[in-house]
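Enquirer: Can you read through this structure? Questions will come right after.
The values are calculated or read from the model by the stated rules, or taken from the named source; none is laboratory data. Everything numeric here is computed off the predicted structure, so don't read it as measured data. So basically every Cβ, Gly included, is an ideal-geometry build from the backbone, and we count neighbours across all protein chains shown. In case anyone asks, the SASA skips ligands and DNA or RNA and just uses the protein heavy atoms, side chains included. Shrake-Rupley method; radii C 1.70, N 1.55, O 1.52, S 1.80 Å.
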Amino acid sequence: MGIIAWIIIGLLAGAIAKALMPGKDPGGIIITMLIGIAGGLLGGWLGKVIFGVDSVDGFFELSTWIAAIVGSLILLAIYRVIVGNRSSHRHA
C-alpha cells in the first residue's frame with residue numbers, strides 16, 4: 001500500500017477510535033488525525049509482530065482496518081492519560 005492509502009486509513013481509523021472512546025479529548029481534530037495515522041502504522045506493525053498477520057495486504061482488507069483502529073485506540077488512550085495528567089496538574 002502507498003503512503004496516501006495509509007494516511008486515508010489512519011484518518012478514518014482515528015475518527016472511528018474517537019467515536020469508540022467517547023469523552024473529552026485534550027486535543028483537537030488535527031491531533032486526532034495525527035494519532036489516527038500513527039495508530040494505523042502501529043496497528044499494522046503490532047499485527048505483524050505479535051500475531052504474524054500481514055495487515056498491509058490492501059486497502060479493502062478487513063485485517064488492515066482492524067489493525068489501524070486498534071492501533072489508534074491504543075495511542076488515543078495513551079494520549080489521554082499523558083495529556084490528561086498534565087492538564088490536571090496545571091489546575092490543581
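Enquirer: With a point put 7 Å past each Cα toward its Cβ, work out how far TRP45 is from ILE82 in nm, to one decimal.
Expert: For the pair TRP45/ILE82, the computed spacing is 1.3 nm.
Enquirer: Take the solvent-accessible surface of the protein heavy atoms, probe 1.4 Å, and return the percent of it on the range 3-84 that carbon and sulfur atoms account for.
Expert: 80
Enquirer: Something else: Roughly how large, in nm² to one decimal, is the mean projection of the convex hull of the alpha-carbon atoms in the range 3-84? Write out the running numbers ahead of the final one.
Expert: Numbers: hull surface 20.0 nm².
Average of the hull's projected areas for the range 3-84 equals 5.0 nm².
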